[in-house]
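A.B. asks: Here it is, the structure, as structure tokens.
Rule-based calculations on the coordinates, nothing more; no lab input. Note that the structure is a prediction, hence the values are computed from the model and not measured. All Cβ positions, glycine included, derive from the backbone under ideal geometry; neighbour counts span all protein chains shown.
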Amino acid sequence: MSNKRLQIDVKGFHEENPNLVELNLIVDGRNCLCYTSKANYKALMYDGFFIRDGKEKDSAGVLNTTKVFEER
């Protein structure tokens, strides 16, 4: 059994509720949509969890992302 790989992409703020942030959890290439609060997102940014500044989307429409974490 191979080790799992995880990356989290921030898609942006929810259209109907700007206090929610839309995330894609990507485990071994499978996307799972989830949400977190804007406050949690900002705290994670402050902690250096995400690797970008989160000010503009890239060509894939991703606002921010993490490093790839691999299970050991």
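A.B. asks: Fewest Cβ neighbours within 10 Å first, please rank Arg5, Arg30 accordingly.
C.D. replies: Arg30, Arg5
A.B. asks: Okay, moving on. Give a residue-ordered list of calculated ³J(HN,Hα) values for the range 28-45 (Karplus: 6.51 cos²θ - 1.76 cosθ + 1.60, θ = phi - 60°; whole Hz; x for Gly, Pro).
C.D. replies: 6, x, 8, 8, 10, 6, 8, 10, 9, 6, 4, 5, 5, 4, 5, 5, 5, 5
A.B. asks: Also: What are the ³J(HN,Hα) values, in whole Hz, obtained from phi via the Karplus relation 6.51 cos²θ - 1.76 cosθ + 1.60 with θ = phi - 60°, for each residue of the range 12-20 in sequence order, with x given for Gly and Pro?
C.D. replies: x, 8, 4, 5, 8, 9, x, 8, 10
A.B. asks: Here is a further query. Would you mind computing, in nm to one decimal, how far apart the modelled labels at Asn31 and Arg72 are, each placed 7 Å from Cα along Cα→Cβ?
C.D. replies: 3.1
A.B. asks: Which value, in debye to the nearest 20, describes the size of the charge dipole of the chain about its Cα centre when Lys and Arg Cβ atoms bear +1, Asp and Glu Cβ atoms bear -1, and nothing else is charged?
C.D. replies: Roughly 180 debye for the chain.
A.B. asks: Please name which of Val10, Gly54, Ile26 has its Cα lying farthest along the dipole of the chain towards the positive end, using unit charges on Cβ (Lys, Arg +1; Asp, Glu -1) and the Cα centre as origin.
C.D. replies: Of the options given, the answer is Ile26.
A.B. asks: With the calculation restricted to Cα positions, what are the radius of gyration and Dmax of the chain in angstrom?
C.D. replies: Rg then Dmax for the chain, in Å: 12.5, 41.
A.B. asks: What list do you get for Ile8, Ile51, Ile26 if you sort them by fewest beta carbons within 10 Å? Don't skip to the end; give the middle numbers.
C.D. replies: Working: Ile8 21, Ile51 11, Ile26 17.
Ascending Cβ contact count within 10 Å gives the list Ile51, Ile26, Ile8.
A.B. asks: To continue, here is another question. Counting only pairs 8 or more residues apart or on different chains, how many lysine pairs in the chain have their Cα atoms under 15 Å apart?
C.D. replies: Values: Lys4/Lys67; Lys11/Lys38; Lys11/Lys42; Lys11/Lys55; Lys11/Lys57; Lys38/Lys55; Lys42/Lys55.
Number of lysine pairs found: 7.
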